[in-house]
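Here the structure is laid out as structure tokens; the discussion comes afterwards.
Where a number appears in this text, it was derived from the coordinates with a stated rule and is not lab data. In this text, all values refer to a predicted model and were calculated from it rather than measured experimentally. Using ideal geometry, Cβ is built from the backbone for each residue, glycine included, and neighbour counts are taken over all protein chains shown.
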Amino acid sequence: MSEQKAREDMVRLGASFFQRGYATGSAGNLSMLLDDGTLLATPTGSCLGELEAERLAKVNLKGEWISGDKPSKEVSFHLALYHNNPQCRAVVHLHCAWLTALSCLEGLDTRNAIKPFTPYVVMRVGEVPVVPYYRPGDKRLGEDLAKLAPRYNAFLLANHGPVVVGKDLRAAADNMEELEETARLMFILGDRKIRYLTAEEIAELRS
């Protein structure tokens with residue numbers, strides 16, 4: 001894919017997230033690896049609904065700013081994911097309502113915040129570990145994500161929101177939307193008795 005096409009795709013996807021209520025104000029950020037090994041990312045303080053292709057930030061894998069507007073401070077934890085998961089080619093971090101609400105609950109299973117009750121979250125994403133709360137931009141976010149990155153495709157930042165990776169930006173977006181819908185279903189179901197998938201059913205889906 002050409003760099004120009006990648007820029008246009010990021011702008012289009014950011015606008016789609018914003019228009020559908022997955023992102024508000026200047027919250028959230030996107031990034032993707034380009035064919036030359038550099039990284040395209042949303043600029044600091046930018047609104048996903050108002051991105052401009054030529055102003056997207058470009059950095060190298062050391063985090064050094066190459067061109068465009070200044071990158072989001074959270075690009076540091078994006079880099080931790082790229083460095084520690086060779087399958088990761090794109091990262092989506094949003095403050096979407098249902099997953100962010102879930103991230104604020106006490107008593108979550110930190111090994112997997114979403115116990116499977118539909119097949120799609122198993123097939124698309126897998127387990128979703130919880131990263132402890134750190135202020136946005138704290139280097140410990142990247143340190144914790146680096147440890148988890150080799151084994152997981154999605155993460156819930158406590159009191160902050162979700163981070164999802166993918167083989168490309170479209171896949172990362174699809175995975176994020178699947179997770180957000182699953183979180184919405186969790187709140188709809190509330191304290192009703194849920195039929196969770198069995199270990200055998202989960203194994204079958206993974207195979």
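Summarising the amide proton neighbourhood of ALA158: residues at separation of 5 or more, or on other chains, whose placed amide H is nearer than 5 Å comprise VAL131, TYR133. Legend: calculated FRET efficiency, TRP65 to ARG184, from the Cβ-Cβ distance at R0 = 45 Å, rounded to 0.05, equals 0.75. Annotation for GLU8 and GLU52: the two label points, set 7 Å from Cα along the Cα-Cβ direction, are 1.9 nm apart. Give the distance, in whole Å, between the Cα centre of segment 156-189 and the Cα centre of segment 1-65. Measuring centre to centre over Cα atoms gives 18 Å.
Give me a comma-separated list of calculated 3J(HN,Hα) values for segment 153-170, in order, Karplus coefficients 6.51, -1.76, 1.60 applied at θ = phi - 60°, integers in Hz, x for any Gly or Pro. Here the 3J(HN,Hα) series is 10, 8, 9, 10, 7, 4, 6, 9, x, x, 10, 9, 10, x, 6, 7, 5, 5 Hz. Counting lysine pairs in the chain that sit 8 or more residues apart in sequence, or on different chains, and whose Cα atoms lie under 22 Å apart gives 19. Of all segments of the chain bounded by GluC sites (Glu not before Pro) found in a DSSP loop with no more than 12 other C-beta atoms within 10 Å, the longest spans 107-207. Of the trypsin sites (Lys or Arg not before Pro) found in segment 123-207, those in coil by DSSP whose Cβ has at most 15 other Cβ atoms within 10 Å are ARG151, LYS167, ARG192, LYS193, ARG195.
Relative to the longest principal axis of the Cα atoms of the chain, the long axis of helix 139-148 lies at roughly 60 degrees. Of the chymotrypsin sites (Phe, Trp or Tyr not before Pro) found in segment 132-207, the ones in coil according to DSSP and having at most 14 other Cβ atoms within 10 Å of their Cβ are TYR133, TYR196.
Using the alpha carbons alone, the radius of gyration of segment 47-178 stands to its Kirkwood radius in an Rg to Rh ratio of 0.96. Less than 18 Å from a label point 7 Å out along the Cα-to-Cβ axis of GLU106: which backbone N atoms in segment 147-181 qualify, by residue? From segment 147-181, the list is 158-160. For the pair LYS139 and ASN159, a Förster radius of 30 Å applied to the C-beta separation gives a FRET efficiency near 0.95, rounded to the nearest 0.05.
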